[in-house]
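Taken together, the values in this text are just the output of simple stated rules run on the coordinates, not laboratory data. In this text, all values refer to a predicted model and were calculated from it rather than measured experimentally. Cβ coordinates were reconstructed from backbone atoms using ideal geometry, including for glycine residues, and neighbour counts include every protein chain displayed.
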Amino acid sequence: MPQTVPPMDLTIARPGVVDHPNITVVGTGYLGATHAVCMALLGYDVVGLDVDQAKIDQLADGHLPIFEPGLQEKLQEVLASGKLRFTTDFALAADHGDVHFICVGTPQSKGSDAADLTFVDAAVTALARNLTRKCLIVGKSTVPISTAARLTALVRNTAPAGELIELAWNPEFLREGYAVVDTLQPDRLVFGTASAWAEAQLAACYTSIIQAGTPVIVTDLATAELVKVAANSFLATKISYINAMAEVCEATGADVALLAKALSYDSRIGGRFLKPGLGFGGGCLPKDIRAFAHRAEALGVGQAVSFLRQVDAINQRRRQRTVDLVTELAGGNVTGVKIACLGAAFKPNSDDIRDAPALDVATMLHEAGARVSVYDPAAMPNARRSYPELEYANSLEEAVTGAGVVALLTEWQQFREADPARLLQLTGAPCIVDGRHALDADAYQAAGWDYRALGRPARSGAVVSSFDEDFAKARLDAQEVG
Ligand code: UGA
């Protein structure tokens, strides 16, 4: 357990370790931009590198290409202090860095469940070609097991400094929406290293975080790679578990909101990531469980994680089930019916629409002939670009006006706080599907709405509403803490 890990001793002398290393961050997407800014905030001299000149220009100008609360202000702060610079030049980055963090994406391959390692291989190769002195390359991207071992050989064969270069794996557990706090105050640090020098050099990148008492788990390279995919698989499994229970509830008239609440009080189970609804999306959980299953199959242990295929299938079924519920409320046919789709991002406080359940549902409704009206507080530009066939509203009010059914698909605070009575004045019919179990069911019913949520009976006679204060607070804590 993390609590039993003794604090790392930073006073042991390690020959050749640079105490206050210069840092480069290769790849300035979500992970890399956050890591570069946070390392600079911690006082290191950081160079951020990307092959995308437009992105680098934007970042150097103090503008984030992504929506992440608080990060843009921090970016401007470290640019002003001179602690962070950006470049597209690998030779400059190689010259600068004592430690090079690899933060490029590992998306799902086209036509396969495997992770696409093209960007990792290209970044490591381009960097290695310019490495002429001893340094540490640290992978942070989520990769299939044994990638680090393969990259070690690649680097040593490619770099002019050859065997002097070491490679470590240091997986990242940050959540979108909480990226800065998750990076500066992580639950734990995982150091996958192949030598005491690499361990000490990596520790020197996190001195103040370690001194604050953060547990450090030192592992071999393969274990460090596995920790990340195992963590995301566990989280995905927990979500799909409660959503599987929602399916059972739907067949029996039981109420999954009450079930989740009752389960959450068992401290061995806990309420975090036990929120039923439309399920998980985003650029991480869906592709990570698929890549993990794919890699395990290649390793001959596919059976051990075959349940992940079920986790994925349960998650996908929630999307169709949401469409079914909307269709039911629309009287069995959505053709020509205006459906207000509230939310597009894969979760609140993000403009990320990768594998977004909300947009999948909106697309299915559109294809079924509905007139969808999508509104999201942050993800509209991304959604419009990727889903030009959908119709968009400029506000929550515009989306619900005249709608035959309102579908809450991403639980933004703005939607949670909306007044049910006011919405009812605007909408064309009093029908709402709460795809995220985020609304006060009693308040909506009291205002005259036909309130429906996945896994809940059509009319809950239960005394405790879905918005039970304790459970709602547990959910908010979960969102804030992990
Ligand atoms: C996830 C992990 O939580 C991070 O620890 C990890 O570092 C990151 O992936 C990554 O691999 O980089 P993230 O994708 O930002 O982070 O989002 P989560 O907060 O995990 O939410 C994932 C999805 O699950 C969202 O669509 C959310 O709506 C859904 N979810 C979450 C539920 O449906 N129910 C819940 O109870 C919790």
Between the alpha-carbon centers of the stretch 151-166 and the stretch 226-250, tell me the distance in whole angstrom. 39
Number of Lys pairs in the chain with C-alpha atoms less than 22 angstrom apart, excluding same-chain neighbours closer than eight positions? 26
Percent of Cα pairs exceeding the 15 Å cut-off, where the set is the stretch 207-277: 65
Compute and list, largest first, the equivalent-ellipsoid semi-axes of the stretch 231-479 from the alpha carbon gyration tensor, each √(5λ) rounded to a whole angstrom. 28, 22, 16
Taking the square root of 5 times each eigenvalue of the Cα gyration tensor, what semi-axes in Å does the equivalent ellipsoid of the chain have, largest first? 43, 24, 21
If Rh is defined by the Kirkwood formula over all Cα pairs and Rg also comes from Cα, what ratio Rg/Rh do you get for the stretch 1-132? 1.02
Near the amide H of residue 219, under 5 Å away, which other amide H atoms are found, from residues 5 or more places off or on another chain, if H is placed in the peptide plane? 191, 192, 193
Rg and Dmax in Å for the stretch 171-249, alpha carbons only: what are they? 15.9, 54
At q = 0.15 Å⁻¹, what log₁₀ I(q)/I(0) does the stretch 42-112 have when each alpha carbon counts as one equal point scatterer in the Debye sum? -0.57
Calc'd 3J(HN,Hα), the stretch 398-404, phi into Karplus 6.51 cos²θ - 1.76 cosθ + 1.60 (θ = phi - 60°), Hz, glycine/Pro = x, comes to 5, 5, 7, 4, x, 6, x
Applied in sequence order to the stretch 340-351, the curve 6.51 cos²θ - 1.76 cosθ + 1.60 (Karplus, θ = phi - 60°) yields integer Hz couplings, x standing for Gly and Pro, of 7, 9, 8, x, 9, 4, 6, 7, x, 6, 8, 10
What list of ³J(HN,Hα) values in whole Hz, one per residue of the stretch 116-129 in order, does the Karplus curve 6.51 cos²θ - 1.76 cosθ + 1.60 (θ = phi - 60°) give from phi, with Gly and Pro shown as x? 8, 9, 3, 5, 5, 4, 5, 5, 5, 5, 5, 5, 4, 4
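Which semi-axis lengths, in whole Å and largest first, follow from the square roots of five times the eigenvalues of the Cα gyration tensor of the stretch 23-219?
Working: eigenvalues 106, 76, 64 Å².
Gyration-tensor ellipsoid for the stretch 23-219: 23, 19, 18 Å.
Loop only by DSSP, 11 or fewer other Cβ within 10 Å of the Cβ. Give me the chymotrypsin sites (Phe, Trp or Tyr not before Pro) in the stretch 228-279 that pass, ordered by residue number. Working shown, then result.
Values: sites: 234, 241, 265, 273; in loops: 265, 273.
Sparse-neighbourhood loop chymotrypsin sites (Phe, Trp or Tyr not before Pro): none present.
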